[in-house]
1. Tell me, what is the FRET efficiency for residue 320 and residue 193 to the nearest 0.05, using R0 = 35 angstrom and their Cβ-Cβ distance as r?
2. Run lengths n ≥ 4 of DSSP H only: what is the helix-derived mean residue ellipticity at 222 nm for the chain, with -39500 (n - 2.57) per run over all residues, to the nearest 500?
3. Go through 282-294, 108-120, 23-35 and give me the packing order, highest mean Cβ count within 10 Å leading.
4. Using per-residue counts of other Cβ atoms within 10 Å, averaged over each peptide, order 140-151, 209-220 from highest down.
5. Which of the three applies to segment 150-302, rounded, prolate or oblate, going by the alpha-carbon gyration tensor with a ≥ b ≥ c and a/c under 1.5 meaning rounded?
6. For residue 317, give me every one of the aspartates and glutamates with a C-alpha distance below 12 angstrom, ignoring sequence neighbours fewer than eight places off in its own chain.
7. Rounded to the nearest 0.05, what FRET efficiency do residue 126 and residue 104 give with R0 = 35 Å and r taken as the Cβ-Cβ distance? Could you check?
8. What share of all Cα pairs of segment 124-181, in percent, falls into each consecutive 10 Å distance bin?
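Please treat every number below as a calculation from the coordinates, not as lab data. Treat the numbers as computed from the prediction; the structure is a model and nothing was measured. No Cβ is skipped: glycine too gets one built from the backbone with ideal geometry, and neighbour counts run over all protein chains shown.
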Amino acid sequence: MLDGHVDLVAGPLGNATKIAGGWLSVLNDDYGITYFPDGRIRVIQGDSNSSEADGAPLGGNITTYYPDGTVTLQVVGGDLYTPENGSTVISQLKPYTDFLLSYDDIAEQFVATTHSNLEWLSNQPVTVLTSDYALYWWDYLSGYDLLLAQFGWNHTTAQDIALVRGAANLQGKSWGAIITWTYTEAPYLANGEEIYNQMRMAYESGAEYVVIFNYAEDMTGPYGTLQPEHFQALERFWNEVVQNATVVHGGITADTVLVLPKNYGWGMRNPEDTIWGLWRPDAKSPQVWSQLQSTLETRRLRLDIVYEDPAYPVAGKYEQIYYWNQTG
């Protein structure tokens, strides 16, 4: 959802498609709307099936709303009206407040779309699982039984665990971990020692499954991307952790929770990450980031991360509760 192409179910505004580049297209019988990452909103009226060629919109009138409040009207094949040269025309335009999507709108459509796609499978006697990043909360809401947190990409493992375990704990679901690439080229995987430590952290934090992603298009070794040191790490994990009575599965539990804003689908992989793959960081982002770093530093694997949702209260479930905008 954060990085790729997603077709969202028809909502109150029409059929929505989130494009990998970070913009959103909404079509219905009356108009087509495009939301751009820089905050512009373009409305095509008269022909919602019109397309663009070489940057020139085809069919219908084009109204563009800019983040600074400026509005322009392009009559296709005719004049471009701006506040300077067409104030009368511009002032007659009805503000398209109904077109302004919110985080709640996207969350609702994401959950509805995913649930619709999973409906048949969810009714079968199987465990429905996937692996994603940062949107675990809404994946569970959509109907997944099990999510595998992705370890790798130089992400913070404790943060990955906090996100997936927090969502699983409050929603009564299962979770695990999949160890994936650290590098985008050979050797792809981290070294054996790091992978052993990641597996142990997942196991002690309560992961029900631990998986290693063993694939690359240019694999040349006899065992894919796995090297002898990785097999040694797997053997060590089995002998020193799984078969070790002094190491307790799920022995590290969360006594602290960080509560983020409702439907705030921010990737949080870095301070400049996108919100729902559509918006740049907003005014809340610096506060969320600061609180995230602070609680991770002090609580580490004892931290869960969840979202404000009256259906899943945190009261009575954790010893310490921190909110994203808490000070002191």
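1. FRET efficiency, residue 320 to residue 193: 0.65.
2. So the helix-based figure for the chain works out to -8000 deg cm²/dmol.
3. 23-35, 108-120, 282-294
4. Highest mean packing first, the order is 140-151, 209-220.
5. oblate
6. By straight Cα distance, residue 317 reaches 255, 304.
7. For residue 126 and residue 104, the calculated efficiency is 0.65.
8. Result returned by the calculation: 26, 56, 16, 1.
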